[in-house]
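To start, the structure under review is shown below, and the notes come after it.
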Amino acid sequence: MKKYMILFLLAAILMGCEEASQEKTTEKKDAVENVKQQATTNGNLPVYVLSDEFGEKFLLMANFGDETTPTTPDSLSNYKYILYNGIYHPVTFKGFQLENRENNTSRETFQNFDNLSGWLYMMQSGKLIETPSDDLDAIWDAPLLVDETFKAENTIYTLSNFKDGRLVHSNLSEPLKAAFEKKYDRQILSCWCNAVFGENNEYQFVNIQFKNKGNEALGVSALVKNEEIIAVIEAPAEWNEESVWRVDDGGDFAGLSIDFVTSKNGVMTIYTANGGAEGTNYQSYVLEGNQFHEGPIAGEFYQAPC
């Protein structure tokens, strides 16, 4: 499925000029609709990419079968930055990387980076991780590849609970727990605050697993402002003690992790990751009033153990 997603993305890039003219018909739509339908005004749609171990090279993955030298759209050189942990890093487009079929495990991981095919980008200087702290210190998640237009149009919120390269989770207040239990008429099994942001740290993004009702399990990810529930992303599931929300999750709700949060024309978009044993899914959500809607930026990375 991922191959088709990439081909669709490339087709969209090639039709960029045509789309730019079509956008004139949407100028009367409100800001929320514009953000929901397209992340940038005239630029390339941002895309999640695979990083090598320490964040020096990045791959926009694509498999063209027996075609060893695919045509490279000119628009690919318009991608100028890697957005990672809320910081822009300039990159340079290097061309196409051929697949090493003999060694390719089909896993979309940094360990298999050099064996995958796709378009290659490289940091203009340095690496995302300059000095690894231990053997596990690596780029395990997917950075976002963006262009100048995205950078100019979007403001990045600072996550105040981001410490030493990692998000530090915290507990929910008792009144907030009570509000969620009242809203869903269920007791909370586990909960944590994943991100804190805003001018006065007024926003929290939280994950909650409720106690089951029979075989009905429920996980919720939610945006909270000043201790009030603003919008939720619900994940109901059937309980089976083995694979409830993700493969082999053991019935534990991992929830959504915040990569970063943007504001464009006053509209908030959150960029989330949902990891499991078989890989990681990335999805943007646009806030409209008190509801989240799936945004256009998403990605899937297959990372199951060999």
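The values are calculated or read from the model by the stated rules, or taken from the named source; none is laboratory data. The structure presented is a predicted model; accordingly, all values stated were derived computationally and were not measured. Note that each Cβ is placed from the backbone with ideal geometry, even for glycine, and that neighbours are counted across all protein chains shown.
Within region 162-215, the residues that satisfy the criterion of being of a type in the set (Val, Ile, Thr) and closer than 21 Å to Met268 by Cβ are Val196, Val206, Ile208. Looking only at residues of region 181-214 that are in a strand (DSSP E or B) and farther than 27 Å from Trp239 by Cα, we find that the one that is nearest to the chain's Cα centre (by Cα) is Ala195.
Taken over region 120-171, residues that are part of a strand (DSSP E or B), surrounded by 19 or more Cβ atoms within 10 Å (Cβ to Cβ) and modelled with pLDDT under 95 amount to 1. Just for region 216-241: of the residues that are surrounded by fewer than 17 Cβ atoms within 10 Å (Cβ to Cβ) and over 25 Å from Gly266 (Cα atoms), which one is modelled with the lowest pLDDT? Per the criteria, the residue is Glu241.
Quick grid of which residues meet (1) more than 25 Å from Ser125 (Cα to Cα); (2) outside the structural domain of Gly276 (by TED's automatic domain parsing); (3) of a type outside the set (Val, Ile, Thr); (4) loosely packed, with under 15 Cβ neighbours inside 10 Å:
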| site | (1), (2), (3), (4) |
| --- | --- |
| Pro90 | no, yes, yes, yes |
| Phe93 | no, yes, yes, no |
| Asn100 | yes, yes, yes, yes |
| Arg107 | yes, yes, yes, no |
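For region 258-273, the criterion of a residue being among the hydroxyl-bearing types (Ser, Thr, Tyr), more than 24 Å from Leu172 (Cα to Cα), under 19 Å from the mean Cα position of the chain (by Cα) and crowded, with 16+ Cβ neighbours inside 10 Å is satisfied by no position.
For region 274-292, a residue qualifies if it is exposed (fewer than 15 other Cβ atoms within 10 Å of the Cβ) and either in contact with a helix residue (DSSP H, G or I) (Cβ under 6 Å, 6 or more places away or on another chain) or closer than 23 Å to Ile156 by Cα (or both), and the qualifying residues are Gly289, Asn290, Gln291. Just one of the listed residues (Ala222, Ala231, Ala235) is within 30 Å of Met61 (Cα to Cα), assigned by TED's automatic domain parsing to the domain that holds Asn274 and outside any helix (DSSP H, G or I), namely Ala235.
Name the residue, out of Asn212, Asn194, that is outside the structural domain of Asn85 (by TED's automatic domain parsing), surrounded by fewer than 18 Cβ atoms within 10 Å (Cβ to Cβ), of a type in the set (S, T, N, Q) and out of contact with any Cys (no Cβ under 8 Å at 6 or more places or on another chain). Just a single option satisfies the conditions, and that option is Asn212.
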